[in-house]
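Heads up, the thing below is written out as structure tokens.
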Amino acid sequence: MLLYDWQKIYKASDGSVGEIFCIFEMLVNKSVPTHRSDKLYRYSQQDFNGLSFLAHPDVLLYNSYKHSYKEIAAYLATASFRSISDYAATQTTTLELLHLPFADFLVANINDNSLLRIDEETNLVHFLYEEVPEEKH
């Protein structure tokens, strides 16, 4: 599980989807910069801990080559609206559309994102790599 603060990541990256992915990769792999000119160096001294979560960030990172940086950034942003306490109590990885600010605008972006899916019957946003099985068959 990865706990992160979306606002801190967004601010540190100045909204650049490439930099957002760089920070995400650094957090998941627990990478450290090898020298001062390494692009991770400017982020390595910052604290990105928060109450946003991804249950399976390693699976998202492993499959990241299939998706654009923009889709991954939107996945992280949308996941940041989920409640960590709901996850702790019920293991729920979905997000109710009610919890999305500017829902109409975001729904259009979610429909274009291969990582996210809206269930029209339940009004839940499903995250592709959060619902992976615990064990491989």
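No lab work stands behind these numbers, since they all come straight from the coordinates. Not measured: the values here are computed from a predicted model. Neighbour counts run over all protein chains shown; Cβ positions are idealised from the backbone, glycine included.
Pairs of C-alpha atoms in the chain farther apart than 23 Å represent 33 percent of all such pairs. Other residues within the sphere of radius under 12 Å centred on the Cβ of V125, judged by their own Cβ, net out at -3 (K and R +1, D and E -1). Taking a Cβ cut-off of under 10 Å around T93, the surrounding Lys, Arg, Asp and Glu residues balance to a net charge of -2, with basic ones at +1 and acidic ones at -1.
Shape of region 1-70 from its Cα gyration tensor (a ≥ b ≥ c, root eigenvalues): rounded if a/c is under 1.5, otherwise prolate when a/b > b/c, or oblate? Verdict is rounded for region 1-70. Using the Karplus relation 6.51 cos²θ - 1.76 cosθ + 1.60 with θ = phi - 60°, the per-residue 3J(HN,Hα) values for region 14-25 come to 6, x, 6, 5, x, 6, 4, 5, 4, 5, 4, 4 Hz, with x marking Gly and Pro. By the beta-carbon count within 10 Å of each Cβ, the least crowded to most crowded order of D14, D38, fewest first, is D14, D38.
Each Lys and Arg adds +1 at its Cβ and each Asp and Glu adds -1 at its Cβ; summed about the Cα centre, the chain shows a dipole of about 680 debye.
Of the peptides 80-87, 69-76, the order by per-residue mean of other Cβ atoms within 10 Å, starting with the highest, comes out as 69-76, 80-87.
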